[in-house]
Amino acid sequence: MTTDSHCHLAQEDYDQDIHQLVQAAEDVGVGCIMAVACESKDWPELLHLIENEDHVYGAIGLHPEYADYNYDLDLKKLPDLFQKTPKLLAVGEIGLDYHEAPQTIEAQKDLFCKQIRIAHQLSKPIMVHTRDAEEDTIRILQNSYNDKIILNQGVIHCFTGTECLAKEALKMGFYISASGVITFKSAQNLRDVFKIIPMDRLLVETDAPYLAPTPYRGKKNQPSYVQKTLEMLAQIKGVSVQEMDKITDQNFKKLYLGGK
Ligand SMILES: [Zn+2]
């Protein structure tokens, strides 16, 4: 059973009904989807979605792009939402993005650290987004790890970083998630990084509606397209697609569902 370990399924991004997208994914063997809402206005829709779709789980949090307001009020709501909703499996996506929002670096760090702490209190893994901010991301994760605030690990989602980031994250027990970017012609360096990542730490995702894999590039991404990324990952790791499928599914379950 294939998993799409990270996608955004807000209705405003799609012409099709979200239920149809979930169905289309199931039809090609995607049996488990992790939907992510990382702006507080999208949280209610996500909660509704995971309540109504059997095989869709959820992650909520605040993306670093939204560090430009008084976010503490929204953070306060997280513990209660997690306690009421067993299908919420992770705090995410959280992290640092100096590319999209260079004007809020200090606020981003604060928001990131606060959410790492909340995830720890809730015993949930974190889903990390990092862009043009590797050094600070590593530093914050390491500090939290050394202070024993990251005990429930997590994943570096849509990994496009360097070998250094991958190695440091692996040392702290993190998983590394491959998105459609690994299928892009220009991404040979990234494919090389994936060669060194141990099999038992790999996840696969679409990050839909963004970053559709080849041959769907330019189209709006959707969970059913995760198969193309899975195929490329299998090729990089030199195993069959079936084997890669089994492994990424097991890893997903180990990280988010306690191995169930
Ligand atoms: Zn995302």
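Calculated on the alpha-carbon coordinates, the convex hull of segment 153-260 measures out at 93 cubic angstrom per residue. Which shape class applies to segment 219-260: rounded if a/c is under 1.5, otherwise prolate when a/b exceeds b/c and oblate if not, where a ≥ b ≥ c are the square roots of the Cα gyration tensor eigenvalues? In terms of gyration-tensor shape, oblate. Taking a label point 7 Å from the Cα of R217 along the Cα→Cβ vector, which residues of segment 225-256 have an amide N closer than 19 Å to it? 225-236, by backbone N distance to the label point. For segment 86-212, the solvent-accessible area of protein heavy atoms averages 41 Å² per residue (probe radius 1.4 Å; ligands and nucleic acids excluded). Seen from all directions on average, the chain presents a Cα convex hull projection of 12.5 nm². Remark: relative contact order (segment 59-146) = 36 percent; criterion is Cα-Cα distance under 8 angstrom and separation of 6 or more residues. Compared with the direct C-alpha span, the chain from V241 to E100 gains 47.3 nm at full extension, assuming 0.36 nm per residue.
The Cα atoms of segment 1-114 define a convex hull whose projected area, averaged across directions, is 7.6 nm². Distance between the C-alpha centers of segment 84-114 and segment 175-253? Whole Å please. Value for the Cα centre distance between the two parts: 23 Å.
On full extension, the segment bounded by L75 and D13 gains 19.9 nm, given 0.36 nm per residue less the C-alpha separation.
Under the simplified labelling scheme, the Q142-K171 pair shows an inter-label distance of 0.6 nm, with each label point 7 Å from Cα along Cα→Cβ.
Relative contact order for segment 2-256: what is it in percent, counting Cα pairs under 8 Å that are at least 6 residues apart? Relative contact order comes out at 19 percent. Pairs over the 28 Å Cα-Cα cut-off, from the set K185/K246; K114/K171; K148/K253; K148/K246: K148/K246. With the whole protein complex present, K254 retains an accessible surface near 120 Å², based on a 1.4 Å probe. For segment 139-214, the relative contact order is 30 percent, taking Cα pairs closer than 8 Å that sit 6 or more residues apart in sequence and dividing their mean separation by the residue count. Each peptide in 34-45, 184-195, 207-218, 234-245 was scored by the mean count of other Cβ atoms within 10 Å over its residues; highest first, the order is 34-45, 207-218, 234-245, 184-195. Working note: 222 nm ellipticity from helices only, DSSP H runs with n ≥ 4, each -39,500 (n - 2.57), summed and divided by the residues of the chain, gives -13000 deg cm²/dmol to the nearest 500.
The values are calculated or read from the model by the stated rules, or taken from the named source; none is laboratory data. Only a predicted model underlies this, so the values are computations on that prediction, with no experimental measurement involved. Because the Cβ atoms are built from the backbone with ideal geometry, glycine has one as well, and the counts that use them run over all protein chains shown. Heavy atoms of the whole protein, side chains included, go into the accessibility calculation; ligands, DNA and RNA do not. Shrake-Rupley method; radii C 1.70, N 1.55, O 1.52, S 1.80 Å.
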